[in-house]
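In what follows, a single structure is set out as structure tokens and then discussed.
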Amino acid sequence: MPRIVTLLPSATEIVCALGFEGELVGRSHECDYPPSVARLPALTEAKFNPEGTSAEIDQRVKKIVADALSVYRVDAPKLRELRPDVIVTQSQCEVCAVSESDVEAAVAEWLGVRPKIVSLAPYALDDVFTDMQRVADALGASARGVELVAQLRNRLAAIAGKARNAAERPTVATIEWIDPLMAAGNWMPTLVEMAGGTNLFGTAGEHSPWMKFDDLAAKDPDVIMISPCGFNMDRAAKDLPVLTNNPKWQQLSAVRNRRVFMADGNQYFNRPGPRIAESLEILAEIVHPELFRFGHEGSGWRRL
């Protein structure tokens, strides 16, 4: 059986969903689901201090990237010691996890057989499923990949089909970072539409765009969902005053109608893995509570 190392949380979840948790020998420092993977050695660490405000974290990351340096560090000696046959990393986002170039640098001096590197690049929703199949193929389990993808697509399709019966399609703003303000792109606009909403910011298949508060006020969404990348709800709440202290905040329709929600971006929306289905369930509960109730309130989302 292959010895597998995963260097981003979604990759770990994909490998486990395919039935290969027992073959995992190493993970990234951020891989925490399923909880049982905590037993594995962590092979990465951030080069920046992850504490502080959203604005402070943003500035630290931007400085490292501007200097053409990787945001994360790979423990190359430990990686070599684990002798993986397959390493799953990503090339989609320079601030999300260890990149393909980082891994190639870490294994460049190896002798003998080099591990197979599978680099995930999910921009749009379909890419998420393509990546799952690519991992399955690399692990010699193509049939498992086909089955997993079919199950997840069916769950999403069932929600989208029910949402089409909704009497209205509320306008939705999804916020991926609070300070500076960023809307959610990539697969998120598609999920919003599938949940029965009308997406206002961000384009499907494209990186998440920066935005201004005035943009938010001008479009005045019916629903606002705040799910900062890498943050759970309690951590994200610490930066909420950046939004709520703005004089225009109380004038927003979503605020006046109590349709502002916090969601766990770290565990769900920012992880393009099997729990993309739970992400859509959360969105559906938020956008159309009259149609959907999956039980995620409190753990996956809450009303502000």
> Going by the structure shown, is Ala263 modelled with pLDDT of 95 or more, hydrophobic (A, V, I, L, M, F, W, C), open to solvent by less than 40 Å² (accessible area, probe 1.4 Å) and under 27 Å from Leu8 (Cα atoms)?
Replying inline: yes
> Among (1) more than 16 Å from Ala124 (Cβ to Cβ); (2) at pLDDT below 95, where does Ser208 come up short?
Replying inline: (1)
> Restricting attention to region 84-109, and to residues there that are modelled with pLDDT of 65 or more and either aromatic (Phe, Trp, Tyr) or in contact with a helix residue (DSSP H, G or I) (Cβ under 6 Å, 6 or more places away or on another chain) (or both), which single residue is most open to solvent (accessible area, probe 1.4 Å)?
Replying inline: Ser91
> Among the residues of region 195-226, how many are open to solvent by 20 Å² or more (accessible area, probe 1.4 Å), among the β-branched types (Val, Ile, Thr) and over 22 Å from Ala166 (Cα atoms)?
Replying inline: 1
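Residue by residue, here is whether (1) in contact with a Lys or Arg (Cβ under 8 Å, 6 or more places away or on another chain); (2) open to solvent by less than 10 Å² (accessible area, probe 1.4 Å); (3) not in a helix (DSSP H, G or I) holds:
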position	(1), (2), (3)
Pro2	no, no, yes
Ala11	no, yes, no
Gly22	no, no, no
His29	no, no, yes
Asp32	no, no, yes
Glu45	yes, no, yes
>> Tally up the residues in region 260-292 that are free of Cβ contacts under 8 Å to residues at least 40 places away in the same chain, touching a helix residue (DSSP H, G or I) at 6+ places or on another chain (Cβ under 8 Å) and within 19 Å of Ala157 (Cβ to Cβ), please.
In response: 2
> Residues in region 246-260: is at least one of a type in the set (Lys, Arg), farther than 30 Å from Ala136 by Cα and in a helix (DSSP H, G or I)?
Replying inline: yes
>> Pairs please, first residue from region 5-16 and under 16 Å from Pro84 (Cα atoms), second anywhere and of a type in the set (Val, Ile, Thr) and in a helix (DSSP H, G or I), Cβ atoms under 6 Å, 6+ apart in sequence or on different chains.
In response: Thr6/Thr12; Thr6/Val15; Thr12/Val37
>> From the list Ala173, Ala236, Ala157, Ala163, exactly one residue is over 28 Å from Ile87 (Cβ atoms) and in contact with a Phe, Trp or Tyr (Cβ under 6 Å, 6 or more places away or on another chain). Which is it?
In response: Ala173
> Somewhere in region 165-188, is a residue open to solvent by 30 Å² or more (accessible area, probe 1.4 Å) and assigned to a helix (DSSP H, G or I)?
Replying inline: no
>> Given the options Phe231, Phe201, Phe213, name the one that is touching a residue at least 24 places away in the same chain (Cβ under 8 Å), in contact with a strand residue (DSSP E or B) (Cβ under 7 Å, 6 or more places away or on another chain) and under 16 Å from Thr174 (Cβ atoms).
In response: Phe201
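The values are calculated or read from the model by the stated rules, or taken from the named source; none is laboratory data. This one's a predicted model, so the numbers in the text were calculated from it and none came from an experiment. In this analysis, Cβ positions are derived from the backbone assuming ideal geometry, glycine residues included, and neighbour counts consider all displayed protein chains. What goes into the accessible areas is simple: the full protein's heavy atoms, side chains included, and nothing from ligands, DNA or RNA. Shrake-Rupley method; radii C 1.70, N 1.55, O 1.52, S 1.80 Å.
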